[in-house]
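In what follows, a structure is listed as structure tokens, so that the remarks can point back to it.
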Amino acid sequence: MPASPNRPAKGIRRTPFGWQVYGRVNGQYFSKRFKPETALTVMKTWRHDRRTAIRAKQLGTDHDLPPSGTLARDVADYLIVVKAMPTLQQRTYDLKCWTDALGGDRPRRSLRAPELAGTLSAWKASGLTAGTVNRRRTALMHLWHRLDGKGAPNPLRDVPRFQEAAALPRGRPYALLERIFRLMQPSKSRARLKAMAYIGMAQSELKRIRPREDWNRKAGTLTLRGRQKGEGTPSRVLKLTAKATAALREMERRRAFTGFSNSTLGKRWTAALKRARDDDPSVPHIRVIDLRHSVGTEIYRLTGDLKSVKEYLGHASLKTSERYMHAAVSEAVTRAADAMNKAAQKRRPTPRKTRR
């Protein structure tokens, strides 16, 4: 809403008795009246300080907040604003890397593009992947956007992203995945991993499922809410297979429709994979995200239709789905080679029997 004499700034309005300054922080309302002659800067400062104090109290960190105006304080304020983010733990770690590298006691607005580019290059030179370094860049850029607005000056705009190698999905045969599942004790983590494997969800999508609202047992469908990651994706409705339904029922029995740590899920999977590889050294390394990739690769193997992969996994474009075509090529090539071998055997002339 544009500024006017009766409403000169957000959260400030004129009343018959003077001015009212008000706002809401995560559902908690606050308000205060000021005399008619009060300066606008005084009211805006009070509103900002009040919002910050309420946020700190909600987190229980009101006595431990860094000094106002520092990078560390801006990080603390930002993390309060985005505390509902499914990947909050990862975002917190990425921003801690920035405060450790640059110093949390310095003003955020003192940061300049050359210094930020140098820090990112140093991380890349230390052996971190381009994807990890780009994720840290995104974390700091998003902080700027949320605290200052997308139109405000942002030094990250002048810092280019690193070129990332095209990552091919590593879909694995379901017979192998089921062997690993059998090595796991029944638990919430196993139920969640099965749901990822048979439905094709990422961890962030799994965390957003509300079973009473999203799981239609009668119709056999599941609504997955759109993701904010990357280009973003719309919500979609999936028809559940028998194994996908069984995985959701196991989650329900284990009361696994709650928040969870990605690192804990990864540790449980890694432990089971290690047992499988101890029994059979030929078992390849399998990442947690490969469970989702297995769904996409299997869909393309069975249908040969990239559009089906795109719609089922919720990709923003067919370009992303093309990776699953490449992942399924090895099996298609094998089938083609087998077919050519059979054809060659049919064309081979049979030896004549010699007469005695």
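The values are calculated or read from the model by the stated rules, or taken from the named source; none is laboratory data. Computed from a prediction, not measured in an experiment: that's the story for all the values here. Every residue, glycine as well, gets a Cβ built from its backbone with ideal geometry; the counts of neighbours run over all protein chains shown.
The residues of the range 255-284 that are in contact (Cβ under 8 Å) with a residue 12 or more places away in the chain, among the basic types (Lys, Arg) and part of a helix (DSSP H, G or I), listed by number, are Arg268, Arg275.
Quick grid of which residues meet (1) of a type in the set (Ser, Thr, Tyr); (2) within 20 Å of Ile299 (Cβ to Cβ); (3) at pLDDT 90 or above; (4) more than 12 Å from the chain's Cα centre (by Cα):
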site: Met201; (1), (2), (3), (4): no, yes, no, no
site: Glu213; (1), (2), (3), (4): no, no, yes, yes
site: Lys218; (1), (2), (3), (4): no, no, yes, yes
site: Gly232; (1), (2), (3), (4): no, no, no, no
site: Ala242; (1), (2), (3), (4): no, yes, yes, yes
site: Leu248; (1), (2), (3), (4): no, yes, yes, yes
site: Met251; (1), (2), (3), (4): no, no, yes, yes
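From the set of residues in the range 256-293 that are among the hydroxyl-bearing types (Ser, Thr, Tyr) and more than 18 Å from the chain's Cα centre (by Cα), which is surrounded by the fewest Cβ atoms within 10 Å (Cβ to Cβ)? Among those residues, the one meeting the criterion is Ser282. Filtering the range 64-91 to residues that are at pLDDT below 80 and crowded, with 17+ Cβ neighbours inside 10 Å leaves Leu65, Pro66, Pro86, Thr87. For the range 43-63, taking the residues that are surrounded by fewer than 18 Cβ atoms within 10 Å (Cβ to Cβ) and touching a strand residue (DSSP E or B) at 6+ places or on another chain (Cβ under 8 Å), the one that is modelled with the lowest pLDDT is identified as Gln58.
The condition of being modelled with pLDDT of 70 or more, under 19 Å from Leu240 (Cβ atoms) and either assigned to a helix (DSSP H, G or I) or within 31 Å of the chain's Cα centre (by Cα) (or both) holds for only one of Glu322, Glu298, that being Glu298.
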